[in-house]
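Report on one structure; see the data block that follows.
The values are calculated or read from the model by the stated rules, or taken from the named source; none is laboratory data. This one's a predicted model, so the numbers in the text were calculated from it and none came from an experiment. Every residue, glycine as well, gets a Cβ built from its backbone with ideal geometry; the counts of neighbours run over all protein chains shown. When the accessible area is computed, the model is the full protein with side chains, heavy atoms only, and any ligands, DNA or RNA have been set aside. Shrake-Rupley method; radii C 1.70, N 1.55, O 1.52, S 1.80 Å.
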Amino acid sequence: MDPIFKIAGLAMTAQSQRLNAVASNLANAESTVSSTGEPYRAKQVVFSTVPVDGPAAQGVRVTGVVEDASPLKRVFDPKHPAADESGYLTLPNVNVVDEMVNMISASRSFQTSVELMNTAKQLALKTLSIGQ
């Protein structure tokens, strides 16, 4: 039973980090400047597998959080104070619809891992009660 709890725990940790990246992306979707002075770039979480109790069982972990390489959005808004001399405003490369889909996917994956842990716990308790 221990590998089941480890796999579910790793998945919950990974999906939690994915949700944090989504939250950061959504919070900065309309920001004109990030903390570095440049326009914000969307963050993407990179996953990889990790063996759990031998090669037969695999879990997931976050190997890194990378910046999305897609181009930044340019919008013509000459009245905006952050517009360049041509009147264009550079906005983050965050696609709000994609981020919302990513958030739903991550939260459902997290929920599935919680349900897996609860089911495994119930099975273990049922097994113990049979032996009494």
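Quick notes on this structure:
- Residue count for the range 1-44, restricted to those that are of a type in the set (S, T, Y) and at positive phi: 0.
- Yes/no for V94 being outside any strand (DSSP E or B), among the hydrophobic types (A, V, I, L, M, F, W, C), within 19 Å of A21 (Cα to Cα) and open to solvent by less than 50 Å² (accessible area, probe 1.4 Å): yes
- Residue selected from the range 61-89 under the condition part of a strand (DSSP E or B) and in contact (Cβ under 8 Å) with a residue 40 or more places away in the chain, by the criterion least open to solvent (accessible area, probe 1.4 Å): L89
- The range 24-59, residues that are closer than 30 Å to M117 by Cα, touching a residue at least 24 places away in the same chain (Cβ under 8 Å) and surrounded by fewer than 16 Cβ atoms within 10 Å (Cβ to Cβ): F47, V50, D53, A57, Q58
- Some residue of the range 98-113 being over 18 Å from S16 (Cα atoms) and open to solvent by 80 Å² or more (accessible area, probe 1.4 Å): no
- Residue check for V60: touching a Leu at 6+ places or on another chain (Cβ under 7 Å) and either modelled with pLDDT under 90 or closer than 26 Å to A27 by Cβ (or both): yes
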